[in-house]
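Just below is one structure, and these are the notes that go with it.
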Amino acid sequence: ARLIVTAVSGDATLLDIDRLHPGTTVIDDSFPHCFDTTRAITRMNHAKDVLIAGGGLLHIGPVQRHLAQGLPPAAVTGYLTQPQLPDTIASCRLESLLHASTTDLPLVHGTVTTPTAQTYWHTTQTTKTHAAPLHLHTH
């Protein structure tokens, strides 16, 4: 395949970066990524023959992050060491915040209908939400 879109759960290397054909584009919305990110960045920097990017981030303007009180030290360390692009948020986190702030946004179960997609589109326009820049971690 020349275009691969992934969204899987789990901590496994499912996609072998070295086996991608030149000219392949990968968009990965998995957490953690389903491939070795170091190898992906190395291949993009050296061979320059594939495009591998993270998915699921949205640009929302200035972001302030605050840690909840009472978190275990390992959770705090894990959060603080995660690479982050400025002014972005994961789409799943933003969706839950939007649901908490408005009753106009329908819950999605199954196939997305045109009216539901239009409602989400209107919400992204109203909140000035845009796609994040192409990225793989902070690269």
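Each value in this text was obtained by applying a stated rule to the coordinates, not by laboratory testing. Fair warning: this is a prediction, and the values are worked out from it, not measured in the lab. Neighbour counts are summed over all protein chains in view; Cβ atoms, including those assigned to glycine, are modelled from backbone coordinates with ideal geometry.
Per-structure values
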| item | result |
| --- | --- |
| Hits in the range 47-91 - residues which are touching a residue at least 24 places away in the same chain (Cβ under 8 Å) and over 15 Å from His130 (Cβ atoms) | Ala47, Asp49, Val50, Leu51, Ile52, Ala53, Gly54, Pro83, Gln84 |
| Residues of the range 40-67 classified as more than 27 Å from Arg2 (Cα to Cα) and touching a helix residue (DSSP H, G or I) at 6+ places or on another chain (Cβ under 9 Å), total | 3 |
| Residue satisfying condition, being touching a residue at least 60 places away in the same chain (Cβ under 8 Å), of a type outside the set (Lys, Arg) and farther than 30 Å from Asp16 by Cβ, within set His109, His130, His137 | His130 |
| Strands (runs of 3 or more DSSP E) contained entirely in the range 1-102, each with at least 3 residues that are of a type in the set (Lys, Arg) and surrounded by 10 or more Cβ atoms within 10 Å (Cβ to Cβ) | none |
| Residue within the range 23-39 that is in contact with a helix residue (DSSP H, G or I) (Cβ under 7 Å, 6 or more places away or on another chain) and among the charged types (D, E, K, R) present | yes |
